[in-house]
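See below for the structure under consideration.
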Amino acid sequence: MKGELKMDVNEYLPLRDVVFNTLRQAILRGEMEPGERLMEIQLASKLGVSRTPIREAIRKLELEGLVVMIPRKGAEVAHITEKDMRDVLEVRSTLEELAVTLACKNVTPERIQDLKTANKVFESSIVSKDVVNIVDADVSFHDIIYSMTNNQRLIQIINNLREQMYRYRLEYVKDARTHSILISEHNDIIKQLADCNVDEAKIVVRQHINNQEKGIVRLLNK
């Protein structure tokens, strides 16, 4: 494990959720590496909690695909596999195309300005070189598009997949060469939405996700 594992106590959250968030962030940030074992006793000692919330957190992490259970070994941080990545991004691409299709029906100057502002925040986050900040700014940009759909079922489905998509976003932006590409793609998405051009908007978001897939494949094959 890279560095010390520190728990950010939140008085408004149950302990099991605080433990879960702590372990999840450690995995996403790369502080706990793929293949690293999650030892209940060791983690409980590090975080100063009992084994019960650790066990519950590991179970939730397994459901998210961040942890796998290995027979006779126990839990370990899941490796990023090309098959899992393609499966997740295939679903995301379809949902993003649907999102821009619906968003085009609800375009307003105010929402376009919101997207432009969000992309400026994204640009600023790149300067920080903090990959988590960059990803969070990217998520915020896309959340505006989802809200423009006025389809709560679609938003709920996307939110349910959010954590699985997050890990791949994080891996993608670790490559600084992707940053200018993302800014350009965001600007293109904004333009197509502002013009209410459904067909072009779908093409742009499909390419947006395809580029992410290609970028992660390059990282996996290094």
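The values are calculated or read from the model by the stated rules, or taken from the named source; none is laboratory data. In this text, all values refer to a predicted model and were calculated from it rather than measured experimentally. Glycine also receives a Cβ, built like all others from the backbone with ideal geometry; neighbour counts cover every protein chain displayed. To get the accessible areas, we keep the full protein, side chains included, count just its heavy atoms, and leave off ligands, DNA and RNA. Shrake-Rupley method; radii C 1.70, N 1.55, O 1.52, S 1.80 Å.
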Query raised in the report: Given a 1.4 Å probe, how much area per residue of the chain is accessible, in Å²?
Result: 53 Å²
Requested in this report: Work out, step by step, the length gained on full extension between D130 and K174: first 0.36 nm times the residue separation, then minus their alpha carbon distance; give nm to one decimal.
Outcome: 14.9 nm
Query raised in the report: Kirkwood Rh, segment 92-156, all Cα pairs: how many Å?
Result: 12.4 Å
Query - Percent of alpha-carbon pairs separated by more than 17 Å within segment 121-222 - result: 55 percent
**Report entry** Probe 1.4 Å, all protein chains present, accessible-area order of R55, R92, largest first
**Finding:** R55, R92
Query raised in the report: What are the semi-axes of the equivalent ellipsoid for the chain, taken as the square roots of 5 times the Cα gyration tensor eigenvalues, largest first, in whole Å?
Result: 34, 18, 17
Query raised in the report: Can you give the FRET efficiency for K83 and I181, using 1/(1 + (r/R0)^6), R0 = 25 Å, r = Cβ-Cβ distance, to the nearest 0.05?
Result: 0.55
Query raised in the report: Of the cross-linked pairs K46/K222; K46/K174; K46/K214, which ones have a Cα-Cα span greater than 31 Å in the structure shown?
Result: K46/K222; K46/K214
Query raised in the report: Using alpha carbons only, how many degrees (0 to 90, rounded to 10) separate the axis of helix 15-28 from the longest principal axis of the chain?
Result: 70 degrees
Requested in this report: Mind giving me the FRET efficiency for C196 and L161? R0 is 22 Å, r the Cβ-Cβ distance, nearest 0.05 is fine.
Outcome: 0.25
Report task. Report Rg(Cα)/(2.2 N^0.38 Å) for segment 8-52, keeping two decimals. Result -> 1.15
**Report entry** Within the accessible area of the chain (1.4 Å probe), percent carbon and sulfur
**Finding:** 50 percent
Query raised in the report: Hey, what does the equivalent ellipsoid look like for segment 48-148, semi-axes from the Cα gyration tensor as sqrt of 5 times each eigenvalue, largest first, whole Å?
Result: 35, 18, 13
Report task. Can you sort C196, C104 by 1.4 Å-probe accessible area, starting with the largest? Result -> C196, C104
Query - Gain on full stretching of the segment that runs from S45 to E62 - 0.36 nm per residue minus C-alpha separation - result: 4.0 nm
Report summary line: Projected onto their principal axes, the Cα atoms of segment 32-75 stretch, largest extent first, over whole-Å spans of 25, 20, 17
Query raised in the report: Sorted by accessible area with a 1.4 angstrom probe, largest first, how do K46, K105 fall?
Result: K105, K46
